[in-house]
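Asker: Quick one: the structure is below, questions incoming.
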């Protein structure tokens with residue numbers, strides 16, 4: 001046992017040293033707050049069966065975000081919610097069993113008791129959904145308001161949101177609506193009416209990622225609380241929802257449900273069917289910087305601002321396909337999930353795979369003048385498992401404002417170079433570095449570099 005503990009400590013020390021090398025590489029750079037801390041998230045779930053699957057995956061990524069609250073709600077499809085059932089409590093109990101293993105692979109996992117402390121019940125009042133079933137496909141950005149929460153009762157969920165938004169921390173809150181958003185609507189209404197001096201500061205912190213508008217909250221919030229950034233995701237349907245990944249029966253059977261611990265054993269479906277998972281993919285700090293801007297793109301999809309509102313975004317249609325920005329990552333996301341399921345049962349750090357740690361020299365936001373050459377260096381990148389790693393740089397054209405492709409030299413090496421194009425006004429070019437290891441499953445580490453080209 002002492003030898004095992006020494007091995008774990010040794011691996012953690014190595015990991016800390018690698019991160020120290022990255023820190024040295026960043027010295028002198030102005031690191032943004034978004035790069036310096038974990039995204040702060042609130043999850044609202046209506047307890048549908050695919051929410052059960054999404055929650056199992058989410059629990060394995062709680063080390064990568066700061067979970068502020070988990071709130072059980074209802075929706076058009078789950079009109080009274082499922083908080084009277086013990087599905088979530090069973091998952092937390094299973095998570096507690098595997099927690100000693102998880103922290104060997106990442107010490108930042110919250111305890112099950114901590115997650116219980118911040119789990120509350122939100123709006124499950126079926127009366128707040130009257131008449132909406134027949135209108136469910138009409139609830140899209142810009143539709144008319146169907147309900148207002150003026151006379152609704154407070155819930156522990158709405159009170160929790162208010163408490164979080166009123167704190168002095170100015171950092172963004174990533175509020176995820178896996179089901180309905182009525183709990184948030186009630187919180188925003190109360191903030192506006194009872195905390196007028198703090199209201200704008202509080203709601204301006206919110207980026208609310210909506211898996212559809214699954215009740216009347218979306219249209220109410222976008223019109224009555226316009227300082228809230230609203231993301232409307234419809235592209236989950238066809239990429240992550242029911243029947244979208246029917247090639248994953250064996251994956252779930254062998255890599256999740258069986259021989260991977262009590263949490264995986266609770267996975268309720270026979271294949272990957274997690275319509276709500278993109279909501280938390282968006283907030284993960286994995287180097288793609290998805291959460292910094294809806295237009296960037298990443299595991300949680302890419303979005304474009306609507307013409308009707310300043311802070312409302314819908315699915316981007318890239319190359320004529322609104323599913324593309326989610327589907328291009330599906331296999332990579334599932335491989336990462338597979339590795340984390342291994343963490344649930346791997347007694348030692350070295351008994352499972354971990355993504356490479358990607359380290360860019362200097363800032364991850366760079367500026368260059370037209371016609372100049374730029375070289376970006378990632379030679380401090382490492383893999384703590386000792387696997388061989390390969391490099392691939394590519395331009396995420398749709399994410400940048402430069403409408404063209406640059407010629408990348410060294411696109412499969414640690415250093416990439418390109419000549420800045422001629423522009424008449426500042427334009428951005430988004431470069432993605434993917435570092436792939438030779439482990440099993442093969443995993444990728446990422447870093448996005450945003451280059452501003454000036455005339």
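Read-outs: derived from the displayed coordinates by stated rules, not from any lab. The structure displayed is predicted, hence computed values, not measured ones. Cβ sites come from the backbone with ideal geometry, for glycine too, and all protein chains shown count toward neighbours.
Asker: Rounded, prolate or oblate: which fits segment 357-404 when a ≥ b ≥ c are the square roots of the eigenvalues of the alpha-carbon gyration tensor, with rounded for a/c under 1.5 and prolate only if a/b beats b/c?
Answerer: Verdict is prolate for segment 357-404.
Asker: So for the pair residue 403, residue 127, with labels modelled 7 Å out along Cα→Cβ, what separation do we get in nm?
Answerer: Simple spin-label model gives 5.4 nm for this pair.
Asker: Next up: Given the Cα-Cα distance of residue 108 and residue 319 and 0.36 nm per residue of separation, how much length would full extension add, in nm?
Answerer: Going from the current span to full extension adds 72.1 nm.
Asker: Measuring from label point to label point, each 7 Å out along Cα→Cβ, what is the residue 204 to residue 77 span in nm?
Answerer: 3.5
Asker: If I stretch the segment between residue 242 and residue 392 completely, what's the gain in nm (0.36 nm per residue apart, minus their alpha carbon distance), one decimal?
Answerer: This chain segment gains 50.8 nm when fully extended.
Asker: At a Förster distance of 22 Å, what's the computed FRET efficiency of residue 370 paired with residue 413, Cβ-Cβ distance as r, to 0.05?
Answerer: 0.35
Asker: Given only helices, namely DSSP H runs of n ≥ 4 each adding -39500 (n - 2.57), what is the per-residue ellipticity at 222 nm of the chain, to the nearest 500 deg cm²/dmol?
Answerer: The helix contribution divided over the chain gives -8500 deg cm²/dmol.
Asker: How high is the FRET efficiency between residue 293 and residue 135 when r is their beta carbon distance and R₀ equals 41 Å, given to the nearest 0.05?
Answerer: 0.85
Asker: Arrange the following residues from fewest to most other Cβ atoms within 10 Å of their Cβ: 452, 229, 45, 375.
Answerer: Placing the least packed residue first, the sequence is 375, 452, 229, 45.
Asker: Turning to a different aspect of this structure: From the square roots a ≥ b ≥ c of the eigenvalues of the alpha-carbon gyration tensor of segment 229-367, which class results: rounded (a/c under 1.5), prolate (a/b over b/c), or oblate?
Answerer: Since a/c reaches 1.5 but b/c is at least a/b, the shape of segment 229-367 is classed as oblate.
Asker: Once each part is reduced to its C-alpha centroid, what is the distance from segment 394-451 to segment 229-249 in angstrom?
Answerer: 26
Asker: When Rg and Dmax of the Cα atoms in Å is calculated directly from the model, which label among [x] 25.0, 83; [y] 22.1, 65; [z] 24.0, 77 fits?
Answerer: It is the one labelled [y].
Asker: By average Cβ neighbour count within 10 Å, what is the ranking of 249-257, 162-170 from highest down?
Answerer: So the order, starting with the most tightly packed, is 249-257, 162-170.
Asker: What order, most packed first, do the peptides 204-212, 425-433, 322-330 have when packing is the mean number of other Cβ atoms within 10 Å of each residue?
Answerer: Ranked by mean Cβ neighbours within 10 Å, highest first: 204-212, 322-330, 425-433.
Asker: For segment 292-308 and segment 36-84, compute the distance between their C-alpha centroids and round to whole Å.
Answerer: Going from one Cα centre to the other spans 21 Å.
Asker: Per-residue counts of other Cβ atoms within 10 Å, averaged by peptide: what ranking do you get for 397-404, 132-139, highest first?
Answerer: 397-404, 132-139
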